[in-house]
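J.: Questions regarding the structure given below will be posed in turn.
A short reminder: the numbers here are calculations on the coordinates, not readings from a lab. Since we're looking at a predicted model, the values are computed, not measured. As a convention, Cβ positions derive from the backbone with ideal geometry for all residues, glycine included, and neighbour counts pool all protein chains shown.
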Amino acid sequence: MAPVPPLTDKKRTRFLIQGMTCTACATRVQNAFLDLDGVEAANVNFATATSLVWHRQEIDTATMVATVAGLGFQAVEDGDRQKIQSSNESALKKKMIPALLIALFAMITMFVQFPGSDWVVASLSTVCVWWSGWIFHRAARLQILQRSLAMDALISLGTLAAWSWSIAVLLLDADQSLHFGGANAIVALVLVGKWWEARAMRTSGDALRALANLTPTQVLLRDGRELPIAELMVGMEFITAPGERVATDGQITEGISEVDASQATGESASIEVSPGSTVSGGVLNGPGSLIIEATAVGEDTELSRIMRLVEDAETTRVHMQRLADSVAARFVPFVILLALGSIAVRWSIGHQVSDALIAAVSVLVVSCPCSFGLATPLAVLVGTGRAAQLGVIVAGSHVLDSTRVIDTVIFDKTGTLTTGHPSITSISSTSQDEALLLSLAAALESRSGHPIARAFEPFIEEQAEVVGFTNHPGQGISGSVNDIEIRVGKAHLFTEVPPELTNPDSLGSTLFIGRGPVAEASIAIQDEIRPTSREAVSLLTQMDLEVILLSGDSRKVTERVADQLNIETVIAEVLPEEKRDHIAALQSAGKCVAMVGDGINDAPALATADLGIALQAGTDAARNAADLTIMTNDPRAVADGISLSRNTLRTVKGNISWAFSYNAIALPLAITGYLSPTYAAIAMACSSFLVVANSLRLRYFKSLRTTTSLAQGIEVDLVH
């Protein structure tokens, strides 16, 4: 289930859940949340020990905490995830080491006997099974009471059966085999596996912790006071010295420097900043000293937004995980019945009770669904964390399913494949008031969020009064500036365009300006293709993806850009709603479409596409509609995002395939008696080890952004 965005009357509460031992625990907690009145949605992830709950205001957190406590777990609001995971890892280690020593001693006594050795082993085995293995018995008791059997129930039943049988044989002095060694080995090896899993899950959260540690804990104000970062408020001015990280989002008021945002966005090159530039919290300041006015603090900063998105993605479940969880939930009762059936069959055909019991214990142990439970959440945790390091923020793990079938990538042109920093290259006018027209147009454009507005910045003379600003999507803008009606846009925005203002041979994108319905001036605007755009298209083409350029600009201009970027398919002269219709038409033709955009006009298309991708430079509307947000303006990151998502999904598939294959091979061996409890425990531990190791490979995914683009300095045209 994808994350549910909180509405105005709803809250999003994050809990850390202590005491979960497998994904079945996470499922029980999630279902308990969903059963509460007032809870709209809930996602619980075992790998991150995290729960996100969307609920109405009237239900308080105390009720939710009490509900979790009733299941035998502990919910902590806004706790330290690393601390909880470290505590769990430490607790497992304390149980694991004595269990390993006892299992080793029991194995030695199988070859080296001494007087009373059986009773010594029995005493030590009691410690191992009941003290070291208590976490399994406690969890199994809760699972039985809540009628939701999982891995712990199998471990508990298997070890208690072997231990109880051996104690009975020892007390009755019966002529039967003792199986303390099997019980000890099961507890020890399962604890080793769970400790290693806990360690892997803790270290897999390093990417998110690295983001959290980017901002300093103290900030130096301009007036010389030093404050904790939590007390910094919007409007305060603070100093960022050379080599320090920026405390929060803000606008530079004094100073010139370069900032390095690589750890937060994956942007490899430093960015020059000066008064008027905006910076995000966590970026590393270069050689200059900066005075910055805070524009956002706390949860409102861009870094906090990124962390929330990463947490949401880590907590949600892909379709295959829900399938695996469903199989695991039905698998455990089936295995218990299979174990009981194996006892009955083997006994009925003449095997000793001891042999039949040991075969049943092997069945219980070897079929523990650890690998089922870890197959998806750990891979998603590692994959989304690595994506965040590369500046790719995944809105939810459902995105993994989308990237698998994507065959077409559609790019918006302006601000996506171009820099979005246009300039006016020529002006033609029928009026003597050319300077006034440009000044009025600049004042009106200052209210627009479109990249084209930047081309008019040199012509803003003074603060003007703008009234009735209206955006005409795909056509232009209009309004009243100092009580003068002004229009800026395409020819369709005017009732009359004098012939001398049109230049069919111009390579520049042409806009018209007029004080009313008649155009009085035309301007040619050019933008530059991003230096990495051509390489981005090449990378996607190498991934067997069809690339399409979709633009509201003229066909001549759009085809010129497409030719320079080696894009074969062009869709030009379309309005925003027509972009959406073109995507829907491609989908109807059987295409699975990803849309890459940055503007408010791209939001409908991003929402319609099977996979919406927004660049960091884009508007909030575009980023809110997107499934992937690229926290850099490098379009090559689109290939990174799609490739890493596909790798993550392949890892999930590989994990689940292994989990199924392992049980298909191991269960028959256990049933037929070819797998002893000790070897069954080893096989089960190795199965989990392979799943964890396969998932951790995603930490070493290499960015595709490794070569130098060939498109530097190419000028293109731009239009509203």
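J.: Can you tell me which aspartates and glutamates have their Cα less than 17 Å from the Cα of Lys556? Leave out same-chain residues fewer than eight positions away.
T.: Of all the aspartates and glutamates, those that pass the test against Lys556 - Cα under 17 Å, at least 8 places apart if same chain - are Asp412, Asp505, Asp527, Glu528, Glu568, Glu573, Glu715, Asp717.
J.: Compute the whole-percent fraction of alpha carbon pairs in the stretch 216-300 spaced more than 23 Å apart.
T.: Details: 409 of 3570 pairs.
Pairs farther apart than 23 Å: 11 percent.
J.: For the stretch 423-527, what does the alpha-carbon gyration tensor say about shape, rounded, prolate or oblate, given a ≥ b ≥ c as the root eigenvalues, a/c under 1.5 as rounded, and a/b over b/c as prolate?
T.: rounded
J.: For a Förster distance of 60 Å, can you work out the FRET efficiency between the beta-carbons of Cys686 and Ser423, rounded to the nearest 0.05?
T.: My answer for the efficiency is 0.45.
J.: Between Phe334 and Phe459, 0.36 nm times their residue separation minus their Cα-Cα distance comes to what? Before the final figure, lay out the partial values.
T.: On the way: separation 125, 0.36 × 125 = 45.00 nm, distance 7.60 nm.
Stretched fully, the Phe334-Phe459 segment lengthens by 37.4 nm.
J.: Give the long-range amide H neighbours of Ser289: residues separated by 5 or more places, or on another chain, with amide H under 5 Å away, using H modelled in the peptide plane at 1.01 Å from N.
T.: Ile256
J.: Note down the net charge around His137, summing +1 for each Lys or Arg and -1 for each Asp or Glu among other residues with Cβ under 14 Å from its Cβ.
T.: Working: positive: Lys95, Arg138, Arg141; negative: Asp152.
Once all neighbours under 14 Å are counted, the net charge is +2.
J.: Any of Lys579/Lys702; Lys413/Lys653; Lys591/Lys702; Lys95/Lys653; Lys94/Lys702; Lys11/Lys194 with alpha carbons more than 30 Å apart? Name them for me.
T.: Over 30 Å Cα-Cα: Lys579/Lys702; Lys413/Lys653; Lys95/Lys653; Lys94/Lys702; Lys11/Lys194.
J.: What trypsin sites (Lys or Arg not before Pro) does the stretch 119-181 have in DSSP loop regions with at most 15 other beta carbons within 10 Å?
T.: Values: sites: Arg138, Arg141, Arg147; in loops: Arg147.
Those satisfying the criteria are Arg147.
J.: At 7 Å along the Cα-to-beta-carbon direction for both Tyr674 and Lys83, put a label point, then send me their distance in nm to one decimal.
T.: 5.2
J.: Would you kindly state how much longer the chain becomes between Ala62 and Phe469 on full extension, computed as 0.36 nm times their sequence separation minus their alpha carbon distance, in nm to one decimal?
T.: So the chain would gain 141.7 nm between Ala62 and Phe469.
J.: Still on this structure, please answer the following. Which length gain, in nm to one decimal place, applies between Gln587 and Met233 when the Cα-Cα distance is subtracted from 0.36 nm times their residue separation?
T.: Once the chain is fully extended between Gln587 and Met233, it gains 122.7 nm.
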